[in-house]
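In what follows, a structure is listed as structure tokens, so that the remarks can point back to it.
The values are calculated or read from the model by the stated rules, or taken from the named source; none is laboratory data. Everything quoted here is computed from the prediction, not taken from an experiment. For neighbour counting, all protein chains shown are included, and Cβ atoms are generated from backbone atoms with ideal geometry for every residue, glycine included. Just the protein is used for accessible areas: all its heavy atoms, side chains included, with ligands, DNA and RNA removed. Shrake-Rupley method; radii C 1.70, N 1.55, O 1.52, S 1.80 Å.
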Amino acid sequence: MHRCCQVLVSSSYDRTMTGTAPSERSTDEGDARVLAIAGLTEAVRLLDRGLAPRQKVSAFTRAGEVIASLEPDEVAARVAEGTLTELDGIGPSTSSVIADAVLGRPSAYLAKLDAASVVDPGVGGPIRELLKGDCHSHTVWSDGGATVEQMASAAMALGHEYLVVTDHSPRLTIAHGLSPERLAAQLDEIAEVNARLAPFRILTGMEVDILVDGALDLPDELLGRLDVVVASVHSKLSMPKDEMTRRMVMAVASPHVDILGHCTGRKVVGTGRAQSKFDADLVFAACAQFDTAVEINCRPERQDPPEELLALALEWNCWISIDTDAHAPGQLEWQPYGCDKAVRCGVDPARIVNTWHADELLSWTDSHAA
Ligand SMILES: [Zn+2]
Ligand SMILES: [Zn+2]
């Protein structure tokens, strides 16, 4: 991949660009192409942070591919002549972002996106400051929009010490879940990126699907090799309460499972999705018994668990993990949403596993996998 292309990060559910620029000439800061792509990348970050519709984010990703295929001189000339929109894939919004970036002007378009998606530190600010990492994130290996390195770089920029990469497991084919072979290849890539980004740490993991019978969608032997395992229900969310309870208890009882992801499966945006029914006392008692943390999922459309369930998890003295479930770099900025909820519900910071340094987190995950 060309250096320019590496700058541009696509949205959730898009693939990163693989286009190659025609020239390997100068890519310094004066390069109009680099400046344009940096502007478009910023737009993608802000759109993802605002959970913009996929088509809208894709327009900026596509524009970046178009720009990457041009010579720097042509980008500069088209900005000067106002002819960017003559290019297929460049419209009024993308051309305004490109022109402002190339000419070094403040962008009204980016300012509007920023204001619309800014995440207020809110009452959770003090807890957010204690968080050392994020234990649930996705990359292009499954249904995320950015590479391992792009996600890790964004996490570093937020001040994190580590990021756990938890792509989907094989049976979630709609999300391009990882087969054991692809997981092995991802672990190689993570090792290689880790060598470059140290002391920042990318921890290995998976968001393993909890199958209908409570089994996990990856052999124990492979789960045992991962640093952190999040287990989540993604199918048959409306199954009868008793069956769902048994299914979830089976999963959280696994010594390999560290975190129970978005426990109710609800969606609170748009047409929404009702939360699944389960005996929360039994499930949280099992989490407490088997040392499995309950996730506060920060995604704006999930906001899972609801406060009354989080209160119940606290009564059971469960561990808590505050995770973004980010599918794009801009979404790693959502942790304050979960921190606010933690403060409102009176979560003791000492119970939040991602307030720990990576080594402490790993000794905790190892202790119950033993
Ligand atoms: Zn999930
Ligand atoms: Zn996820």
Qualifying lysines (Cα of each under 19 Å from Cα of LYS112; at least 8 residues distant if same chain): LYS56
Normalise the Cα radius of gyration of the stretch 53-167 by 2.2 N^0.38 Å (N = residues in it) and let me know the number. 1.33
Ignoring ligands, DNA and RNA, please state the percent of accessible area on the chain from carbon and sulfur, probe 1.4 Å. 55
If ARG182, ARG344 are ordered by their accessible area, calculated over protein heavy atoms with a 1.4 Å probe, which sequence runs from highest to lowest? ARG344, ARG182
Is it possible to state the helix-based mean residue ellipticity at 222 nm for the chain, with each DSSP H run of 4+ residues giving -39500 (n - 2.57), the sum divided by total residues, to the nearest 500 deg cm²/dmol? What is it? -13000 deg cm²/dmol
With +1 at each Lys and Arg Cβ and -1 at each Asp and Glu Cβ, the charge dipole magnitude of the stretch 289-370 around its Cα centre, to the nearest 20 debye, comes out at 120
Using Cα atoms only, what is the angle between the long axis of helix 54-68 and the major principal axis of the chain, expressed in degrees (0 to 90) to the nearest 10? 40
Checking the cross-link filter: which lysines have an alpha carbon closer than 20 Å to that of LYS277, excluding same-chain neighbours under 8 positions apart? LYS236, LYS241, LYS267
Could you do me a favour and compute the accessible area per residue for the stretch 145-214, 1.4 Å probe, result in Å²? 39
From zero up to wherever the largest Cα-Cα distance of the stretch 266-335 sits, split into 10 Å bins and tell me the percent of pairs in each. 20, 46, 30, 5
Restricting attention to the alpha-carbon atoms of the stretch 302-353, what are Rg (one decimal) and Dmax (integer), both in Å? 11.3, 34
Net charge, VAL123 excluded, C-beta distance under 14 Å - Lys, Arg +1, Asp, Glu -1: -1
Excluding the sites themselves, what is the longest stretch of the chain that contains no GluC sites (Glu not before Pro) in a DSSP loop with at most 11 other C-beta atoms within 10 Å? 30-370
Compute from the Cα atoms of the chain the Rg and the Dmax, the latter being the longest Cα-Cα distance, and quote both in angstrom. 21.3, 67
Tell me, rounded to the nearest percent, the portion of alpha carbon pairs in the stretch 139-253 spaced more than 20 Å apart. 44
Where the centre of each part is set by its Cα atoms, how far does the stretch 73-106 sit from the stretch 237-268, in angstrom? 49
Between rounded, prolate and oblate, where does the stretch 178-230 land on the alpha carbon gyration tensor, with a ≥ b ≥ c its root eigenvalues, rounded for a/c under 1.5, else prolate if a/b exceeds b/c? prolate
Cα→Cβ-extended label distance, 7 Å offset, between GLU129 and GLN289, nm: 4.0
Kirkwood Rh (inverse of mean 1/r, distinct Cα pairs), the stretch 202-350, angstrom: 15.3
